[in-house]
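The block underneath contains the structure these notes are about, expressed in structure tokens.
The values are calculated or read from the model by the stated rules, or taken from the named source; none is laboratory data. Just so it is clear, the structure is predicted and the values come from calculations on it, not from any experiment. For neighbour counting, all protein chains shown are included, and Cβ atoms are generated from backbone atoms with ideal geometry for every residue, glycine included.
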């Protein structure tokens, strides 16, 4: 199986080289206009799952960014470089706020007692926004799970795996926020300064967190004859993985996070978008890509690193545009564990995930126009034995005026993203949302 893994890695590297070679071509294109702000209201509790949470935090960010843009326009900030710098600072701040709160709320997704209440401390602005205040740690479990946790003193593999999932859910949410932003930029073919800021704030989150806090001291807090550990998301992951008998190198994790950030094509789209806006007020730039034909183009891949209870898992996604017509595209996904790259202290992930989502087919029905984006992701182990899959489609349909309906319908089994990382139940899953264009 190492040969197959090296083959997949070679494809990823080749796509990156192909995409990077298109820089000169992309710079010659006309700059695009900014995309419209789209609110998405999920028909599900955003406090109990990353999919609904993603839509809720996207909507919050869109509203705040829309307000900042309007304020900048009224104040004529766009007319000078100092004004545009101030505009970008405000844009960074609202993205920082929604990223911070989406990260913290995500820790509540897997609360077994379903009491996702929380509040903010208006007296503590140490994170530049009012501090998010958690439930007490005892509130995360039902009585039976808590008893098992205490009786095993936290050493039960099942409990530890669940705890790792809870601890890492905040970093996962940042990656899902990033993927959503990237796919929107892929569909539009441009990256705005707002998209660039949102991408950087979320994609760089794990790298900055690890660099800043990965070596912090872990404190033991006693409760009678038991104790629990007071640590951050990085150090807690390293400790709990060690309890599972898996040694994770913090240095390898930090290095891989940095490589995933700076090797991603959208990182440089974002840099260009922010620079062009600051320099001359250009609202958006065309995405870097390499033209394969008059219609078909391929973009540099983007990389997303996830710390799972199986180990460090890296997924790449590459956009191929113009498959059937101008404006459509295929998001091609390849994922594997960092252990596939001969890194020894990254966990025995033993996982391959590959597939794609096509965006999109359009159907003009009698009463409605329906856009369908089908997807298929297949999961294998290193011996290429089939493990599971995620199959389904995303639907979009206008209602009237600014309103539209969205839906995601999927069926998943033992899929790395949907089951291992998002912790969804296997089987059919449906999420609907109302779209509102500002």
Exercise. For the stretch 411-430, which residues satisfy the criterion of being surrounded by fewer than 20 Cβ atoms within 10 Å (Cβ to Cβ) and part of a strand (DSSP E or B)?
Worked result: 411, 413, 427, 428, 429, 430
Problem set entry | Residue satisfying condition, being in contact (Cβ under 8 Å) with a residue 24 or more places away in the chain and closer than 18 Å to residue 274 by Cα, within set 88, 54 | 88
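Residue by residue, here is whether (1) in contact with a strand residue (DSSP E or B) (Cβ under 6 Å, 6 or more places away or on another chain); (2) more than 19 Å from residue 134 (Cα to Cα); (3) crowded, with 17+ Cβ neighbours inside 10 Å holds:
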position	(1), (2), (3)
45	no, no, no
57	no, no, yes
60	no, yes, yes
65	no, yes, yes
104	yes, no, yes
107	no, no, yes
111	no, no, yes
121	yes, no, no
Exercise. Is it the case that the stretch 321-328 has a residue that's closer than 24 Å to residue 376 by Cα, in contact with a helix residue (DSSP H, G or I) (Cβ under 8 Å, 6 or more places away or on another chain) and surrounded by 22 or more Cβ atoms within 10 Å (Cβ to Cβ)?
Worked result: yes
Problem set entry | Selected residue (criterion: surrounded by the most Cβ atoms within 10 Å (Cβ to Cβ)) from residues of the stretch 245-288 that are touching a helix residue (DSSP H, G or I) at 6+ places or on another chain (Cβ under 6 Å) and outside any helix (DSSP H, G or I) | 287
Exercise. Can you name the residue in the stretch 179-201 that is touching a strand residue (DSSP E or B) at 6+ places or on another chain (Cβ under 7 Å) and closer than 17 Å to residue 333 by Cα and, of all such residues, is surrounded by the most Cβ atoms within 10 Å (Cβ to Cβ)?
Worked result: 182
Exercise. Pick from 408, 382, 387: which is crowded, with 16+ Cβ neighbours inside 10 Å, part of a strand (DSSP E or B) and in contact (Cβ under 8 Å) with a residue 40 or more places away in the chain?
Worked result: 408
For this session: Assess whether residue 395 counts as being assigned to a strand (DSSP E or B), touching a helix residue (DSSP H, G or I) at 6+ places or on another chain (Cβ under 7 Å) and within 26 Å of residue 188 (Cβ to Cβ).
Result: no
Exercise. How about the stretch 319-346: which of its residues are more than 21 Å from the chain's Cα centre (by Cα) and assigned to a loop (DSSP other than H, G, I, E, B)?
Worked result: 322, 323, 324, 325, 326, 327, 328, 342, 343, 344, 345
Exercise. Got a sec? Which of 191, 181 is outside any helix (DSSP H, G or I), modelled with pLDDT of 95 or more, touching a helix residue (DSSP H, G or I) at 6+ places or on another chain (Cβ under 8 Å) and within 30 Å of residue 301 (Cα to Cα)?
Worked result: 191
Problem set entry | Candidate set from the stretch 133-160 (those that are surrounded by 18 or more Cβ atoms within 10 Å (Cβ to Cβ) and modelled with pLDDT of 70 or more); member that is farthest from the chain's Cα centre (by Cα) | 159
Exercise. Going by the conditions given, is residue 434 in a strand (DSSP E or B) and either over 23 Å from the mean Cα position of the chain (by Cα) or closer than 19 Å to residue 355 by Cα (or both)?
Worked result: no
For this session: Pull up the stretch 359-371, narrow it to residues that are more than 19 Å from the chain's Cα centre (by Cα) and in contact (Cβ under 8 Å) with a residue 24 or more places away in the chain, then point me to the one that is nearest to residue 246 (Cα to Cα).
Result: 360
Problem set entry | Residue list for the stretch 91-102, restricted to those being surrounded by fewer than 18 Cβ atoms within 10 Å (Cβ to Cβ) and either without any contact (Cβ under 8 Å) to a residue 40 or more places away in the chain or in a loop (DSSP other than H, G, I, E, B) (or both) | 93
